[in-house]
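Down below is the structure, laid out as structure tokens.
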Amino acid sequence: MITDRMVEELNKQLNSELYSYYLYLAMAAYFDSINLKGFANWMKVQAKEEERHALKIYEHIVERGGRVKLYQINQPPVEWKTPLEAFEAAYSHEVEVTGKINQIVDLAQREKDYATENLLQWFVSEQVEEETSFSSILHKLRLIGENIVGLLITDKELGERKPS
Ligand code: FEO
């Protein structure tokens, strides 16, 4: 039995994953606008990942007999000053998401909702991977600084990311 409180928290997390989808699509649009097609590709693949996360929560709510509710998705920013600034914002966003996931894990443990805790443990591992992948690009961008050649090499690398 899943509680109404847990369904509510999962619906909020579903909204948060959809916001992540929106945010990374907005970042893809920013990168496309400055002709960094590899960066744009990387963000589009990431946006699809976030959609997958949202659907994973959606399916769990349905399977447990809860009601999915789709809340309004906040508007993400349109512009960032530099690729570095975009990745700093993305990394901070992921750290925030990790905090939210951890809070729902706490709730699942308090409620002894082991099925939801099991789902959330997948997200706990996923967040470790996501923070690592964002921070590794962030560190690279900090090293590159204003170096255009370095930026273009990174753009080529990020263009190779394929949907998982
Ligand atoms: Fe769904 Fe990037 O966390």
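Please treat every number below as a calculation from the coordinates, not as lab data. Computed from a predicted structure; not experimentally measured. Neighbour counts are summed over all protein chains in view; Cβ atoms, including those assigned to glycine, are modelled from backbone coordinates with ideal geometry.
Worth pointing out:
- GluC sites (Glu not before Pro) within region 6-85, DSSP loop, no more than 12 other Cβ atoms inside 10 Å: Glu79
- Region 98-122 versus region 37-83: alpha-carbon centroid distance in Å: 19 Å
- Rounded to the nearest Hz, the phi-derived 3J(HN,Hα) couplings of region 111-128 under the Karplus curve 6.51 cos²θ - 1.76 cosθ + 1.60 (θ = phi - 60°) are 7, 6, 8, 5, 5, 5, 4, 4, 4, 5, 5, 4, 5, 4, 5, 4, 5, 4, where x marks glycine and proline.
- For the chain, the relative contact order is 32 percent, taking Cα pairs closer than 8 Å that sit 6 or more residues apart in sequence and dividing their mean separation by the residue count.
- Evaluating 6.51 cos²θ - 1.76 cosθ + 1.60 at θ = phi - 60° for every residue in region 150-155, the Karplus couplings come out as x, 5, 5, 5, 5, 4 Hz, glycine and proline recorded as x.
- Estimated vicinal HN-Hα couplings, Hz - region 45-54 in sequence order (Karplus 6.51, -1.76, 1.60; Gly, Pro = x): 5, 5, 4, 4, 4, 5, 4, 4, 4, 4
- The chain: angle of helix 83-110 to the longest principal axis, Cα-based, in degrees nearest 10: 10 degrees
- Length released on extending from Asp32 to Lys48, taking residue separation times 0.36 nm less the Cα-Cα span: 4.1 nm
- Within the listed set Gly66, Gly145, Gly38, the residue fluctuating most in the Gaussian network model of the chain (springs between alpha-carbon atoms under 10 angstrom) is Gly145.
- For region 4-158, a Kirkwood hydrodynamic radius built from all Cα pairs, placed in the Stokes-Einstein relation at 4 °C and 1.567 mPa s, yields a translational diffusion coefficient of 79 µm²/s.
- Principal semi-axes of the equivalent ellipsoid, √(5λ) from the alpha carbon gyration tensor of region 1-44, are 34, 8, 4 Å from largest down.
- Separation of the alpha carbons by more than 31 angstrom is noted, of Lys69/Lys156; Lys12/Lys162; Lys48/Lys81; Lys48/Lys140; Lys12/Lys156, for Lys69/Lys156; Lys12/Lys156.
- Gyration tensor verdict on region 33-119 (Cα atoms; rounded if a/c is under 1.5, prolate if a/b is larger than b/c, oblate otherwise): prolate
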